[in-house]
Amino acid sequence: MNYNSISEIAQLGAKVLRLKAAAITDSQSTEIQQLIKTLLDTLASTQGVGIAAPQISESKQVIIIASRPSPRYPNAPLMEPTVMINPAYEALSDTTEKDWEGCLSIPGIRALVPRYKDIHITYSNEQGTLVEAKLEGFVARVFQHEFDHLEGKVYLDRVENNRDIVAESEYFKMVGVSSE
Ligand code: ZN
């Protein structure tokens, strides 16, 4: 059987979004493999470029990054959804840049968020193999956004000024698209 398993997205205010997620010790278990499938199916059902397990009310260290070009990020790489278990990162320099983010758990809002531009990451893939990579720009931003979810943080926590928060409808006008 190959039915989709789409979960509801936890919304801002849900306690699960404020917990520190538990490390995965049994990535090959049926439970975790099912969690990964639900995350993939749920992300595919949205316009999102990433999702973290706490967003489907599972406080576990699993994220998915799925960058693709958009009107705002025309140079964003098109990548297959990448499953990252127990992810970690370090900044390769202190350089940060501010750019727009949104979140499936905070609909209707966009904000400018400072993030490290270049990072080194490690994670286990869905087969349990340890992977290392360097990320930059948009993909590094998506990673840091999803990683924050595992720490019980949301992107609004990193906004430097309330004036950097806008309604999504105004954001779309600003970037010249009617909807996404
Ligand atoms: Zn998010």
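The values are calculated or read from the model by the stated rules, or taken from the named source; none is laboratory data. None of these values were measured; they are calculated from a predicted model. Here Cβ is always computed from backbone atoms with ideal geometry, including for glycine, and neighbour counts include all displayed protein chains.
Listing for the model above:
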{"read-out": "First in segment 43-55 and closer than 14 Å to Glu80 by Cα, second anywhere and of a type in the set (Asp, Glu) and at pLDDT 95 or above, Cβ under 6 Å, 6 or more apart", "value": "Gly50/Glu146"}
{"read-out": "Pair list, Cβ under 6 Å, 6 or more apart: segment 122-140 residue under 16 Å from Ile64 (Cβ atoms), other residue of a type in the set (Phe, Trp, Tyr) and part of a strand (DSSP E or B)", "value": "Val131/Tyr123"}
{"read-out": "Segment 28-74, residues that are within 16 Å of the ligand (Cβ to nearest atom) and touching an Asp or Glu at 6+ places or on another chain (Cβ under 6 Å)", "value": "Gln47, Gly50, Ala52, Ile63"}
{"read-out": "Residue check for Thr122: modelled with pLDDT of 95 or more and within 30 Å of Thr30 (Cβ to Cβ)", "value": "yes"}
{"read-out": "Pair list, Cβ under 6 Å, 6 or more apart: segment 97-111 residue closer than 22 Å to Lys15 by Cβ, other residue in a strand (DSSP E or B) and near the ligand (Cβ under 8 Å from one of its atoms)", "value": "none"}
{"read-out": "Residues being basic (Lys, Arg) and either under 28 Å from Leu19 (Cβ atoms) or not in a helix (DSSP H, G or I) (or both) - total across segment 121-180", "value": "4"}
{"read-out": "Qualifying residue in segment 75-88 (condition: of a type in the set (S, T, N, Q), touching a residue at least 12 places away in the same chain (Cβ under 8 Å), within 15 Å of the ligand (Cβ to nearest atom) and over 15 Å from Val142 (Cα atoms))", "value": "no"}
{"read-out": "Residue in segment 105-114 that is buried (at least 18 other Cβ atoms within 10 Å of the Cβ) and assigned to a loop (DSSP other than H, G, I, E, B) present", "value": "yes"}
